[in-house]
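The values are calculated or read from the model by the stated rules, or taken from the named source; none is laboratory data. Nothing here was measured: the structure is a model prediction, and the numbers come from that model. In this analysis, Cβ positions are derived from the backbone assuming ideal geometry, glycine residues included, and neighbour counts consider all displayed protein chains. Please note that ligands, DNA and RNA were not included when accessible areas were found on the heavy atoms of the full protein model with its side chains. Shrake-Rupley method; radii C 1.70, N 1.55, O 1.52, S 1.80 Å.
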Amino acid sequence: MTQPPYPPDHEPARAEGGAQPGCWWHPSKPTGLSCVRCGRPACPDCLREASVGYQCIDCVEAARAQQRRPQPLRPGDRTVAGARVSSKAVVTPLLIAVNVLFYVVTAAQAGDPMNNQNSALLEGGSLWPLGIHVHGEWLRLLTSGFLHYGLLHLAMNMLALWILGKDLELLLGKVRFLALYLVSLLGGSTAVFLLGDLNTGTAGASGAVYGLMGALLVAVLRLKLNPGGAIGIIAINLVLTVTIPNISLLGHLGGLAAGALVMVAMLYGPKKDRTAYQATMVGLLVAACIGLIIYRDSTIAADICRSYPGLCLGTNV
């Protein structure tokens, strides 16, 4: 810096002959001292001790302001979540590719890309609580998160996944982001299995996507950014969930809560042993989901018999 941020309206007194120049801020005070940063003459009252020599009050304030500004991360640095800085998302496009592949298979099986609900993969992989309990088809809890009803359903979820996922992946890193996505998916499936209709099939990546929304809100708060945008996105999507028929509110809320909790563990954990803390908290969340699933499976039989008495003939419930 060669000029002060807020230069005074006057000029310092100039040296005449061998006389010392006047201080830049106090022209009437001659001084033989100067700022090592900008070189301007300064009296002792206008100088501050620095790591090397003395700097004037303007240069000191300019240096403090620069330190307060967020510094860009460089490759090799670590984010607030503990991940190494990367400039390219890898897991997000991979997840999109997996979802698209599942859809292509269902469309090929159904023979109609716009009406794939009759495919064997979709019928056998959707989240059907009755089938999970009666037939022990536990894999439905995960496969349902990669299946979609129709091209529009797939397109909307994949667009949201790309918009939210690419930035969150750069913040969390590949492994942490994948954990966030899968736990959010599991959280949505757990909510549907725990409280949803027994004989209704549910499918879609919406639970995981809502988990990313919850994670985004936590990240915005942690980084002290304006949360208005994140809150607005969540509010609009929840309104759409309630107003548009045949959309699983339970799956969305379960994913939202799971994603937010995972992100709290990722961003608010202690720096010391941070990775171990994050892994432990994520493990506890997964264990909680599994515990709720087991609990529901132990109590669902009574509900099945009340709703479908024909399935319980000759049994004691």
Original post:
Got a number for residues in region 224-239 being more than 25 Å from Asp197 (Cβ to Cβ) and open to solvent by 70 Å² or more (accessible area, probe 1.4 Å)?
Top reply: 6
Original post:
Tyr295 passes all but one of (1) open to solvent by 60 Å² or more (accessible area, probe 1.4 Å); (2) farther than 30 Å from Leu198 by Cα; (3) part of a helix (DSSP H, G or I); which number fails?
Top reply: (2)
**OP:** Looking for whichever is buried (at least 16 other Cβ atoms within 10 Å of the Cβ), assigned to a helix (DSSP H, G or I) and under 13 Å from the mean Cα position of the chain (by Cα) here; the options are Val286, Val220. Which one fits?
**Re:** Val220
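Residue by residue, here is whether (1) touching a residue at least 60 places away in the same chain (Cβ under 8 Å); (2) touching a Leu at 6+ places or on another chain (Cβ under 9 Å) holds:
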residue: Gln117; (1), (2): no, no
residue: Gly125; (1), (2): yes, yes
residue: Leu141; (1), (2): yes, yes
residue: Phe146; (1), (2): no, yes
residue: Met156; (1), (2): no, no
residue: Trp162; (1), (2): yes, no
residue: Leu180; (1), (2): yes, yes
residue: Gly196; (1), (2): yes, yes
residue: Gly201; (1), (2): yes, yes
Original post:
What is the one condition in (1) open to solvent by 10 Å² or more (accessible area, probe 1.4 Å); (2) small (Gly, Ala, Ser); (3) modelled with pLDDT under 95 that Ala179 does not satisfy?
Top reply: (3)
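Each row is one residue, and each column tells you yes or no for (1) modelled with pLDDT of 85 or more; (2) open to solvent by less than 70 Å² (accessible area, probe 1.4 Å); (3) hydroxyl-bearing (Ser, Thr, Tyr).
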position	(1), (2), (3)
Leu73	no, no, no
Arg78	no, no, no
Arg84	no, no, no
Ala89	yes, yes, no
Leu94	yes, no, no
Ala97	yes, yes, no
Leu101	yes, no, no
Ala108	yes, no, no
Gly111	yes, yes, no
Original post:
Got at least one residue in region 260-280 being open to solvent by less than 50 Å² (accessible area, probe 1.4 Å), within 19 Å of Leu216 (Cβ to Cβ) and in contact with a strand residue (DSSP E or B) (Cβ under 8 Å, 6 or more places away or on another chain)?
Top reply: no
Subject >> Gly211 surrounded by 24 or more Cβ atoms within 10 Å (Cβ to Cβ), more than 13 Å from the chain's Cα centre (by Cα), at pLDDT 95 or above and part of a helix (DSSP H, G or I) >> reply: no
**OP:** List every residue pair whose Cβ atoms lie under 6 Å apart, where the two residues are 6 or more positions apart in sequence or sit on different chains, the first residue falls within region 232-244 and is assigned to a helix (DSSP H, G or I), and the second residue, located anywhere, is open to solvent by less than 50 Å² (accessible area, probe 1.4 Å) and not hydrophobic (A, V, I, L, M, F, W, C).
**Re:** Thr241/His252
**OP:** Mind listing just one residue for me: the one in region 120-170 that is among the β-branched types (Val, Ile, Thr) and open to solvent by less than 70 Å² (accessible area, probe 1.4 Å) and, of those, modelled with the lowest pLDDT?
**Re:** Ile132
**OP:** Inspect all residues belonging to region 240-255 and state whether any of them is surrounded by 22 or more Cβ atoms within 10 Å (Cβ to Cβ) and either under 13 Å from the mean Cα position of the chain (by Cα) or polar (S, T, N, Q) (or both).
**Re:** yes
**OP:** Assess whether Asp197 counts as being open to solvent by 40 Å² or more (accessible area, probe 1.4 Å), at positive phi and not basic (Lys, Arg).
**Re:** no
Original post:
Out of curiosity, is Asp297 under 30 Å from Leu130 (Cβ atoms) and acidic (Asp, Glu)?
Top reply: yes
Subject >> Filter result for Ala191 (at pLDDT 90 or above, crowded, with 24+ Cβ neighbours inside 10 Å and in a helix (DSSP H, G or I)) >> reply: yes
Subject >> Within region 41-50, considering residues that are farther than 15 Å from Ala62 by Cα and either touching a strand residue (DSSP E or B) at 6+ places or on another chain (Cβ under 8 Å) or of a type in the set (S, T, N, Q) (or both), the one least open to solvent (accessible area, probe 1.4 Å) >> reply: Ala42
**OP:** Taking Arg14 as meeting all but one of (1) of a type in the set (Lys, Arg); (2) more than 27 Å from the chain's Cα centre (by Cα); (3) at pLDDT below 70; (4) closer than 30 Å to Leu171 by Cα, write down the number of the exception.
**Re:** (4)
Original post:
Quick one: which of Gly207, Gly251 is touching a His at 6+ places or on another chain (Cβ under 7 Å) and closer than 21 Å to Val286 by Cβ?
Top reply: Gly207
